[in-house]
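What follows is a short report on a single structure.
The values are calculated or read from the model by the stated rules, or taken from the named source; none is laboratory data. Bear in mind the structure is a predicted one, so any value in this text is a computation, not a measurement. Note that we place each Cβ from the backbone using ideal geometry, even for glycine, and neighbour counts take in every protein chain shown.
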Amino acid sequence: GGGQGGGGDGARRDVAVKVVRKGALDGKVGAVMWEVHVLQELGAHEHIVRVLDVVDLVDATYIVMQRVDGPCLLYHLRRQPKGYLSIEACLRYFSQLLSALRHTHSLGFAHGDVKPENVRIEGGSDSAVLVDWGYALRIGPQPQRIMQGTPAYAAPELLTGYRGDGVLDNSNSLSAAIDVWALGVSLSEMLVGEPPFKGASFEALVHAVLDLRYSLPEHVPLAQRQIIESMLQLSPTDRASVDELLAMPWVALGTHLPEEPLKGHLALVCVECSDGGAAATKRADCPLRCRTSSRFVMVLAYAVLCTAALVWHLQAGGGVDAAIGMVNHVSE
């Protein structure tokens with residue numbers, strides 16, 4: 001249920017209270033308390049629902065959580081006139097969920113059931129919040145094979161109990177790649193209006209997944225197609241990592257980037273925010289901030305310089321051998 005909570009400073013905030021009756025849910029009590037434990041371990045993150053307090057009484061446990069006022073992403077998606085989200089909205093929610101998953105994975109957990117239905121959209125800020133952490137798992141070796149989640153969004157290894165590429169893994173190791181797959185399915189649904197994999201039965205759905213049998217309509221741009229393809233790989237080790245996804249141009253050049261800068265990247269500042277010494281302080285807040293690999297910039301500059309030298313020398317009447325010598329001189 002929902003209610004009003006008061007802080008020590010007199011401020012009021014909306015909260016949601018989950019009541020767990022002892023003995024009433026039998027084995028489900030442990031699952032609920034595991035979700036609470038995971039959220040407490042994750043701490044505060046703007047795109048992850050927060051546990052504010054836990055009150056344990058004789059007959060029940062009261063879990064006080066952040067209340068997210070707004071629809072789930074699935075409902076929001078179905079209300080769109082075209083049945084799917086705009087590219088800008090997809091970028092916003094996709095980037096925010098990547099930020100939530102990067103934080104989660106860095107602390108050794110995987111959400112385990114990422115899907116639009118488990119994402120709430122805060123009405124005031126239009127911010128995505130990842131909820132329902134009951135399927136969360138620790139990353140690493142598992143005592144047994146894990147088969148769980150919502151079938152249409154679950155990674156191949158969760159559908160079958162073994163790695164989707166057919167490689168036998170006796171450690172039953174679980175990786176963060178299960179969330180990457182699920183977010184890739186969710187991104188496809190945001191862009192198209194429905195999940196990419198379908199089947200009249202569970203077995204048919206599994207076959208569609210293992211065959212990577214899906215298609216995207218023509219209105220989905222190439223950049224988004226490539227991102228989805230990089231996430232929907234059968235082998236967990238072949239899927240793009242969260243950091244790799246954050247570095248892809250569509251995300252890195254967008255206006256809804258996660259707050260943490262990507263290490264090893266060069267920040268480019270828009271002209272409007274470049275005012276001498278103040279540029280450094282404004283860089284983090286620049287709405288057009290860009291990140292690209294510094295190595296890529298150097299290689300590109302070198303290639304342009306060599307090409308210019310070659311063209312100039314040929315136009316000046318020099319021979320091919322002389323032109324090659326000129327390029328070698330530039331490279332030195």
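A few comments on the model shown:
- Residue that is surrounded by the most Cβ atoms within 10 Å (Cβ to Cβ), among those in the range 190-216 that are touching a helix residue (DSSP H, G or I) at 6+ places or on another chain (Cβ under 6 Å) and not hydrophobic (A, V, I, L, M, F, W, C): P196
- Selection count where residues are part of a loop (DSSP other than H, G, I, E, B) and at pLDDT 90 or above, scope the range 122-179: 14
- Qualifying residue in the range 61-70 (condition: at pLDDT below 95, assigned to a loop (DSSP other than H, G, I, E, B) and under 14 Å from P116 (Cα atoms)): yes
- Matching option when the condition is surrounded by fewer than 21 Cβ atoms within 10 Å (Cβ to Cβ) and in contact with a strand residue (DSSP E or B) (Cβ under 6 Å, 6 or more places away or on another chain), among R92, R50, R78: R50
- Residue in the range 149-160 that is touching a residue at least 24 places away in the same chain (Cβ under 8 Å), among the acidic types (D, E) and surrounded by fewer than 20 Cβ atoms within 10 Å (Cβ to Cβ) present: no
- Close pairs (7 angstrom Cβ cut-off, 6 or more residues apart or separate chains): polar (S, T, N, Q) in the range 230-258, modelled with pLDDT under 90 anywhere: S235/R163; S235/G164; S235/D165; T255/P287
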